[in-house]
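Data block below; observations after.
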Amino acid sequence: MEDREFTRYVAMLHPVPGLTADIAAIRAHVAWLRSLQAAGSLELAGPFADGSGGMVILRADTAAEAEALARSDPFIRLGLRRLELRVWELSCEENNHMGMG
């Protein structure tokens with residue numbers, strides 16, 4: 001198990017050229033976000049102001065769990081966005097800036 005307390009998973013949602021999300025897909029995506037929030041798996045989410053996609057920051061016990069969560073996004077399942085998943089190690093006062101502070 002990875003250190004859940006100081007690890008987040010960043011799902012970058014890149015647009016797929018030539019495809020746009022219709023209102024039903026957007027509503028399904030928002031319902032997915034709400035389900036993540038209810039489960040305690042959503043940290044933050046939102047689109048980029050320039051229209052170049054969006055980002056979802058996930059809480060999960062492992063990278064595999066985070067990937068499964070991200071791939072369950074209707075935008076990904078419908079092929080409307082391309083997923084790039086990154087592991088983000090938090091540097092903060094609580095972990096003495098990764099033990100280096």
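Tabulated data for the structure shown
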item: Every residue from region 54-98 that is within 12 Å of the chain's Cα centre (by Cα) and either of a type in the set (Asp, Glu) or assigned to a loop (DSSP other than H, G, I, E, B) (or both); result: 59, 60, 65, 67, 72, 73, 84
item: Condition check for residue 44: surrounded by 14 or more Cβ atoms within 10 Å (Cβ to Cβ) and in contact (Cβ under 8 Å) with a residue 12 or more places away in the chain; result: no
item: Near pairs, Cβ below 6 angstrom, 6+ apart or cross-chain, from region 76-101 (surrounded by 11 or more Cβ atoms within 10 Å (Cβ to Cβ)) to any residue that is assigned to a helix (DSSP H, G or I) and of a type in the set (D, E, K, R); result: 85/67
item: Criterion (of a type outside the set (Phe, Trp, Tyr), at pLDDT below 95 and within 23 Å of residue 89 (Cα to Cα)) met by exactly one of 55, 1; result: 1
item: Lone qualifier among 67, 94, 84, 89 - being at pLDDT below 95, of a type in the set (Asp, Glu) and farther than 12 Å from residue 8 by Cβ; result: 94
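The values are calculated or read from the model by the stated rules, or taken from the named source; none is laboratory data. All values derive from a computational prediction rather than experimental measurement. Positions of Cβ are generated from backbone atoms using ideal geometry, with glycine treated the same way; all protein chains shown enter the neighbour counts.
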